[in-house]
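Data block below; observations after.
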Amino acid sequence: MTPHTPSPVSFKQALQFWFRLGCISFGGPAGQIALMHEELVVRRRWISEKRYLHALHYCMLLPGPEAQQLATYIGWLMHGTRGGIAAGALFVLPSLVLLMVLSWAYTAWGNHPWAQALLWGLKPAVTALVLHAAHRMAQRTLKARWLWVLASLSLLGMLWGLPFPLIILGSAGVGYFMSRTHPEQRTPPSANVSSFAAAVPVNAATPNLAAETAAWLNDHSPQQPHTHFSPHRLWRALALGVGLWALSLGLIALLFGAGHTLTQMGGFFTQAALLTFGGAYAVLPFVTQAAVVQYGWLTAAQMMDGLALGETTPGPLIMVVAFVGFLGGHSQALLGYPLLGGIVAACVVTWFTFLPSFVFILAGGPLVESTRHMPSLTGPLQGITAAVIGVIVHLAGVFARQTWLPGGWHMLPDLSALLLTLLATWALVKKGYAVVRVLAACVVLGLLRYALL
């Protein structure tokens, strides 16, 4: 690193970087956040450590995929509205295209014996990944007894069938109450953010003084005009975002009817987008219950296969909703053609899932920038995160039942799948192997099992 301040970044340079990031952003939210830190803060010095962590902290407070929102925020910070839209869209588009191709291949060859063998190997890995996510979150967030109690109550609530939004709202209320009555147990905001970024073996939590003083956008850079807060700009952005949502959903309802599958998908995934506190693993139980039980767009086994495919693609893990939409549209042959119906449904689902994220960042960005030197409340975030851990453990149980008891409770368990789940969990939690490495090993073992047996 050199001490001089980097030159201003052109919009073309930023576009090239965001497209490359969208193609290589494997590893889930922690890996994606650490990768952006390495590229933007350490290597390119486009943004300082403090401003990066400030943006990450507020993205964690919002519903929606943290990594995609962080990319949108930084893109907006550098080049205004067009920069935010380009960064957020390019973070998602490669994953959407790849998932639609994989979904089509799944519908065409998913029942082939070799494909079944591949998916058999992926399912234990997916269960292990969910357990690993719960373990990692518990290690960095459950620092007080009341957080452990809240996580346990959240798990019991899911087992009792309590609505997911009720659990989230109740946990936020408990977190706010505890932060007011027991301020000594509150974790500093920077610790929350840094521990999240340091969940992978990249030193994203240690401030780099050279990067702090030599970054293009640092804590002392002149504030650009588009980052100034004004109530008029806030309401204009909110009106535009809500108007786009209402116009798109209204057009779908007008063309196909209020009870049509595409209309139901638009409404449901808007609701899901507003409840994704804590990342994709937190909202997947909510999506699984509705997509499988309420609407019947796909089966529980297909949902698990979709998560397995989503883990192998770049981009945010919540992109598994594109698989849900594709299978729902394909199975019902929407628009008269299964393939066309699948593609349209996947695009509709993606639009309504990510539109709120763009609205939150582009409308609230100036307000967030105005609070850079103000302390923020972290109690509700702590409560939500603790509850999310219980929800994730419940999701792991659902996936484990699908993996270990594929024939139901009345059939003998699949002991080989159970053993592979334990091995994958050990590799992720104890040995710290990369996700891609564990997925590849499980796929190879699944194919070998089919070839030998």
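The values are calculated or read from the model by the stated rules, or taken from the named source; none is laboratory data. None of the values given here were measured: they were computed from a predicted structure. Virtual Cβ from ideal backbone geometry, glycine too; neighbours counted across all protein chains shown. Accessible surface is based on the protein model in full, side chains and every heavy atom, while ligands, DNA and RNA are left aside. Shrake-Rupley method; radii C 1.70, N 1.55, O 1.52, S 1.80 Å.
Beta carbons closer than 6 Å, at least 6 apart along the sequence or on distinct chains, pair a first residue in segment 218-231 that is hydrophobic (A, V, I, L, M, F, W, C) with a second that is part of a loop (DSSP other than H, G, I, E, B) for PHE229/SER370.
If PHE91 satisfies all but one of (1) within 21 Å of GLY325 (Cα to Cα); (2) surrounded by fewer than 17 Cβ atoms within 10 Å (Cβ to Cβ), what's the number of the condition it fails? Tallying (1) within 21 Å of GLY325 (Cα to Cα); (2) surrounded by fewer than 17 Cβ atoms within 10 Å (Cβ to Cβ), PHE91 fails exactly one: (2).
Per the listing ILE392, ILE343, ILE361, the residue uniquely surrounded by 19 or more Cβ atoms within 10 Å (Cβ to Cβ) and either modelled with pLDDT under 85 or closer than 20 Å to PRO285 by Cα (or both) is ILE392.
Taking segment 30-60 as the range and being within 15 Å of TRP18 (Cα to Cα) and in contact with an Asp or Glu (Cβ under 9 Å, 6 or more places away or on another chain) as the test, the residues that pass are GLN32, ILE33, HIS37, VAL41, TRP46. Restricting to segment 160-183, name every residue that is farther than 20 Å from THR288 by Cβ and touching a Pro at 6+ places or on another chain (Cβ under 7 Å). Matches in segment 160-183: ALA172, GLY175, TYR176.
The residue list ALA86, ALA138, ALA71, ALA108 contains one member that is part of a helix (DSSP H, G or I), within 30 Å of TRP46 (Cβ to Cβ), open to solvent by 10 Å² or more (accessible area, probe 1.4 Å) and not polar (S, T, N, Q), which is ALA86. The one condition from (1) open to solvent by 10 Å² or more (accessible area, probe 1.4 Å); (2) touching an Asp or Glu at 6+ places or on another chain (Cβ under 6 Å) that THR227 does not meet is (1).
Within segment 147-163, residues that are over 12 Å from VAL393 (Cα atoms) have Cβ atoms under 6 Å from residues that are part of a loop (DSSP other than H, G, I, E, B) and hydrophobic (A, V, I, L, M, F, W, C) in these pairs: TRP148/LEU142, counting only partners at least 6 apart in sequence or on another chain.
Scanning segment 282-300 for residues that are surrounded by fewer than 24 Cβ atoms within 10 Å (Cβ to Cβ) and among the aromatic types (Phe, Trp, Tyr) turns up at least one hit.
ALA144 falls short of the stated requirement of being open to solvent by less than 30 Å² (accessible area, probe 1.4 Å), under 24 Å from MET303 (Cβ atoms), in contact (Cβ under 8 Å) with a residue 12 or more places away in the chain and over 17 Å from the mean Cα position of the chain (by Cα). Of the residues LEU422, LEU405, only one is surrounded by fewer than 22 Cβ atoms within 10 Å (Cβ to Cβ) and at pLDDT 90 or above; which? That would be LEU422, the only listed residue that is surrounded by fewer than 22 Cβ atoms within 10 Å (Cβ to Cβ) and at pLDDT 90 or above.
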